[in-house]
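The values are calculated or read from the model by the stated rules, or taken from the named source; none is laboratory data. Note that this is a predicted model, so its numbers are computed, not measured. Cβ: placed from backbone, ideal geometry, glycine included. Neighbour counts: every protein chain shown. Note: areas computed on protein heavy atoms with side chains; ligands, DNA, RNA excluded. Shrake-Rupley method; radii C 1.70, N 1.55, O 1.52, S 1.80 Å.
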Amino acid sequence: MCGIVGFTGKRQAGPILLDGLSKLEYRGYDSAGLAVRDGDKLAEVVKASGKLKVLSEKTDNGNALPGTCGIGHTRWATHGEPNQTNAHPHVSGNCTGTGSGEVESEVVGVHNGIIENFTELRSKLERHDYRFYSQTDTEVVIKLVDYYYKKYQLGPIDAIAKTMVRVRGSYALELMFKDYPGEIWVARKDSPMIIGIADGETYVASDVPAILKYTRSVYYIDNLEFAKLTPGEAHFYNLDGDEVQKEPVEITWDAQSAEKGGFEHFMMKEIHEQPQAVTDTLNSILGDDDRVDLASLNLTKEEISNFSRIYMVACGSAWHVGMAAQYVIEELAGIPVRVELASEFRYRKTPLDPNALVILISQSGETADTLAALRETKDKGIKTLAIVNVRGSSIAREADSVFYTMAGPEISVATTKAYSTQLIAAYCLALEFGRTRGLVDEEKYDYYVGELRAIPDKIRKILDDKERIQWFASKYANAHDVFFIGRGIDYAICLEGSLKLKEISYIHSEAYAAGELKHGTISLIENGTLVIGVLTQPDLFEKTVSNMAECKSRGAYLMGVAPYGKYEAEDTADFVTYVPKADEHFIGSLAVIPLQLLGYYVSVAKGLDVDKPRNLAKSVTVE
């Protein structure tokens, strides 16, 4: 959520900051602002509510702000309504925060995250004659830094360290001090932040795309660390104020991969990138002998043989991956699986099996609830394995083992290729766990690997026929309620299909296990209600078709998703889209593609902003 950028160097900062913020628009925001310093002069702050183009117009694309050192922010409202006053940057002075121009303040800053004890801190600061112009927790933390900086006459290192100890919550904090021109100070707890250096200039951002065109060499700030940034240099410190040495990490993505590449929206581009992303993920884990190589995952055969249970912990679409994967893992590897919502798992007092493996799934590797669940699990001494897409992310650094998916940068809020590569990762784990535990023989293993290798081409075949989905989507773009039904793996795929539709088209949709319809849900069916049945599991095909027929008899319009050859689905469904045949364990990777396309085309037909749906953010880094 929110976006942070910063720059200090030789060039004018304003245009670079705006360019970086434009690369972070996908994260979701409702206002934006910049603070730029020109040498020893005071910081000039400009803020605007609404889209980034408003801020760009106010500043002549950043050119109206002289200076080579600055910070910028896109805000997604948590504390306080989305208006210009509450927009970042915030300042330590007692000004209104509504206008533009130079600001007489010791400290100027921006912040991602949530300060949980901001009410307590605000009361403390008010007793020391601080006045507040906004409703935000960010203004509180900026003034707390100022309080320690002035009251104790501390330098930035000690003032920031004292602030970090005093606040509770999550933050990526970016600061400029009046007495330290050309310097940007940053601090981090549970909210992502990266630093890049190139050609005597320094960049900081909350995500890679913001600085990818300038440098691929980045540093990751660890939890409860802070840093001083000057042109071409970064110095890192722990809470004791001791300097910490770090090595840069090379980002393998190129700048073009974060652009639309001729597609109208990032989501459609990323849907089409799925075949290559799946291929890359398979190639990353399958050796020359087409055997899953778990050496890089720090898992021994003895450990795999002794796992008595697997917990899959995730949020949103990543949780849907777990829901699909549990069927595959239990059948191929013979290990009981529980799929847990991270936001629930972290607060439950349930006893955990000490011989279990906890698999945490997150695209960004920064999902707040999943990260908290990881830390609680590790505290109990249970083995953890992360499936993540972003190298150097918090979850990747802290888990015992990491399976990196090869989706590349995913910009659209609605995930597609990250979901698909996470599924592939789970399949590979299930397959190798099954072989190690003696449940999958070599002949079956070869067959399953062949089925996995065939998935990318089969996805391409579905995409070649996407116009049928586009036609159907335009017909049902005005639907009010849509229900997805399926059984087993099909039910798990329905969960993801329903989420894709609701999050970008704003149509109410729900997914149900088809056998549960008669336990209440069928009462919602009326004339014209769209019911989508996923029909890929051979042993469950007839049962789900029967459930669809029950809906049709009550006036529903039926869409089916079925494998080629299952043409009897047309006897019941009004419209059927077909996917290539595949092994029943893995066919979910194909069935989800038409549902992704359906959500996309319905949103387009309604004239909505596909990549940036309302109220949503790409990376959920706060509770």
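Quick notes on this one:
- Any hit, segment 455-464, residues being open to solvent by 40 Å² or more (accessible area, probe 1.4 Å), over 24 Å from the mean Cα position of the chain (by Cα), of a type outside the set (Val, Ile, Thr) and more than 22 Å from Met268 (Cα to Cα): no
- When segment 223-255 is limited to residues that are under 20 Å from the mean Cα position of the chain (by Cα) and not hydrophobic (A, V, I, L, M, F, W, C), the one that is modelled with the highest pLDDT turns out to be Asn223.
- Breaking point among (1) open to solvent by less than 60 Å² (accessible area, probe 1.4 Å); (2) modelled with pLDDT under 95; (3) over 23 Å from the mean Cα position of the chain (by Cα); (4) among the hydroxyl-bearing types (Ser, Thr, Tyr), for Tyr220: (3)
- Members of segment 377-408 that are within 14 Å of the chain's Cα centre (by Cα), farther than 17 Å from Val313 by Cβ and surrounded by fewer than 24 Cβ atoms within 10 Å (Cβ to Cβ): Arg391, Gly408
Condition check ((1) closer than 19 Å to Gly241 by Cα; (2) modelled with pLDDT under 90; (3) of a type outside the set (A, V, I, L, M)) across all residues:
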position	(1), (2), (3)
Asp146	yes, no, yes
Leu154	yes, yes, no
Val165	yes, no, no
Leu173	yes, no, no
Lys178	no, no, yes
Gly182	no, no, yes
Trp185	yes, no, yes
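- Residue match in segment 284-291 (condition: within 22 Å of the chain's Cα centre (by Cα) and surrounded by fewer than 21 Cβ atoms within 10 Å (Cβ to Cβ)): yes
- Checklist (1) within 22 Å of the chain's Cα centre (by Cα); (2) aliphatic (A, V, I, L, M); (3) surrounded by fewer than 24 Cβ atoms within 10 Å (Cβ to Cβ) applied to Leu21, failing item: (3)
- If you go through segment 228-249 and pick out every residue that is open to solvent by less than 10 Å² (accessible area, probe 1.4 Å) and under 22 Å from Asp19 (Cβ atoms), you end up with 1.
- So Ile493, is it at pLDDT 95 or above, of a type in the set (Val, Ile, Thr) and either open to solvent by 10 Å² or more (accessible area, probe 1.4 Å) or at positive phi (or both): no
- Top-ranked residue of segment 96-108 - restricted to ones that are in a strand (DSSP E or B) and modelled with pLDDT under 90, ranked as nearest to Ala43 (Cα to Cα): Glu102
- Residue match in segment 192-209 (condition: at pLDDT 95 or above and polar (S, T, N, Q)): yes
- Pick from segment 48-68, criterion in a helix (DSSP H, G or I) and either over 21 Å from Thr85 (Cβ atoms) or of a type in the set (Lys, Arg) (or both), ranking: least open to solvent (accessible area, probe 1.4 Å): Lys58
- Verdict on Ile71 being crowded, with 20+ Cβ neighbours inside 10 Å, more than 24 Å from Gly182 (Cβ to Cβ), at pLDDT 85 or above and touching a strand residue (DSSP E or B) at 6+ places or on another chain (Cβ under 8 Å): no
- Single condition Phe484 does not satisfy, out of (1) open to solvent by 30 Å² or more (accessible area, probe 1.4 Å); (2) at pLDDT 95 or above: (1)
Listed here are the residues, each with its yes/no results for (1) under 19 Å from Lys301 (Cβ atoms); (2) among the charged types (D, E, K, R).
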position: Ala407; (1), (2): no, no
position: Ser412; (1), (2): no, no
position: Thr421; (1), (2): no, no
position: Glu432; (1), (2): yes, yes
position: Arg437; (1), (2): yes, yes
position: Asp446; (1), (2): no, yes
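- If you go through segment 526-572 and keep only what is open to solvent by less than 20 Å² (accessible area, probe 1.4 Å) and more than 23 Å from Ile459 (Cα to Cα), you end up with Thr529, Leu530, Val531, Thr544, Asn547, Met548, Cys551, Ala556, Leu558.
- Counted residues, segment 27-50 - those being out of contact with any Pro (no Cβ under 8 Å at 6 or more places or on another chain) and either free of Cβ contacts under 8 Å to residues at least 12 places away in the same chain or under 17 Å from Ala210 (Cα atoms) (or both): 4
- So Glu584, is it under 34 Å from the mean Cα position of the chain (by Cα), open to solvent by 10 Å² or more (accessible area, probe 1.4 Å) and more than 30 Å from Gly607 (Cβ to Cβ): yes
- Candidates Leu616, Leu608, filtered to the one that is modelled with pLDDT of 90 or more, closer than 24 Å to Met268 by Cα and open to solvent by 10 Å² or more (accessible area, probe 1.4 Å): Leu608
- Residue in segment 479-531 that is nearest to Lys606 (Cα to Cα), counting only those that are part of a loop (DSSP other than H, G, I, E, B) and polar (S, T, N, Q): Thr529
- One residue stands out among those in segment 109-150 that are of a type in the set (A, V, I, L, M) and not in a helix (DSSP H, G or I): the one that is surrounded by the most Cβ atoms within 10 Å (Cβ to Cβ), which is Val110.
- Under the condition of being under 31 Å from the mean Cα position of the chain (by Cα) and at pLDDT 90 or above, the residues counted in segment 31-48 number 9.
- Test: residue in segment 449-460 that is out of contact with any strand residue (DSSP E or B) (no Cβ under 7 Å at 6 or more places or on another chain), in contact (Cβ under 8 Å) with a residue 40 or more places away in the chain, closer than 16 Å to Phe586 by Cα and assigned to a loop (DSSP other than H, G, I, E, B): no
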